[in-house]
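Visitor: Pasting a structure here, questions to come.
The values are calculated or read from the model by the stated rules, or taken from the named source; none is laboratory data. Fair warning: this is a prediction, and the values are worked out from it, not measured in the lab. Counting neighbours? That spans all protein chains shown, and the Cβs are built from the backbone with ideal geometry, glycine included. Ligands, DNA and RNA are stripped out before the accessible areas are found, and what is left, the full protein with its side chains, is counted by its heavy atoms. Shrake-Rupley method; radii C 1.70, N 1.55, O 1.52, S 1.80 Å.
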Amino acid sequence: MDGTVEKVRVDGSARGFTSAFSGDESRDTDHSESHTDDERSLPLREFYPYIRCALCNGFFIDATTITECLHTFCKSCIVKHFFYSNRCPNCTIVVHQTQPLYNIRPDRQLQDIVFKMIPYLEENERSRICEFYKQRGLEVPKPVAVPAIGPVKPPPKHRKDYMPQSVFTIPSELDVSLMLEFVGAEQGIENYKPLERKYVRVSGEATVRHVELFIRRKMELSPNCKVDVVCGEHLLERYQSLREVCNTVGKNALQNGMLVLQFGLVLPA
């Protein structure tokens, strides 16, 4: 009987032989199997594609994600890359026509995961930061201190003539305002999302192709669906810039200062 029990555990088929043993032995065998299944471990290298930067091949430090395609890199790596390119290093999509740094965001959740998976990575990075500042005679930045608990002071009174300034300013290079109007889809095209963002401000150097990609991404269109963009009565070519469209079509294409582009979904010929 002992030899049979040992063989069952190795083959992982104890449940098929439950009736051959007493209740205690069968419960112990089942518990051992479920415990093994729950604690399945994987080597760290299998997670490398998800926790390493494609630019430096190191683990993420200050993980930063491109909002247009959701690819992630180290912050310093992607900032240096955008000095000479406005495309994603992975998929080569145009991140922004003139200011790609506008479309990156810190991914703190992913960075916390990396620090927990890689022992001593966070401590070593903090040591390097301190050494960097000390070598240059600079004060090491300190984390934000938690304020002491005390009586709550009333907020200071502001003058009545104080006008708060807007914290958001539109960059000067985004000089074209678009209004995108959906005119319909050809019969046979289904399962697309409505375009929630109808008004967009872009650079005049952007092309009709960029508008098409924006529509495809927001409406989650399938690759076999074609997007036709029309301005007035003119079917626009994909290579035309929006500034060229404004100059060609003229004031007839403007509505309250916005360039009106109508688009429809058709099947390829």
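Visitor: Report the accessible area of residue 218, computed with a 1.4 Å probe over the heavy atoms of all protein chains in place, in Å² rounded to the nearest 10.
Guide: Accessible surface of residue 218 is approximately 90 Å².
Visitor: Give the ranking of 175, 107 by solvent-accessible surface, highest area first, calculated with a 1.4 Å probe.
Guide: Details: 175 70, 107 45 Å².
Largest accessible area first, the residues go 175, 107.
Visitor: Leaving ligands and nucleic acids out of the surface, order 233, 131 by accessible area at 1.4 Å, largest first.
Guide: 233, 131
Visitor: Moving on. Per 0.36 nm of contour for each residue apart, how much would the distance between residue 140 and residue 256 grow if the chain were fully extended, relative to their Cα-Cα spacing?
Guide: Working it through step by step, the gained length comes to 36.6 nm.
Visitor: Ok, one more. Taking a 1.4 Å probe, which of 179, 258 shows the most accessible area, and what order do the others take after it?
Guide: Final ranking, largest accessible area leading: 258, 179.
Visitor: Can I ask one more? Based on the Cβ-Cβ distance of residue 55 and residue 123, what FRET efficiency does E = 1/(1 + (r/R0)^6) give at R0 = 25 Å, to the nearest 0.05?
Guide: Working: r = 23 Å, r/R0 = 0.94.
The computed FRET efficiency comes out at 0.60.
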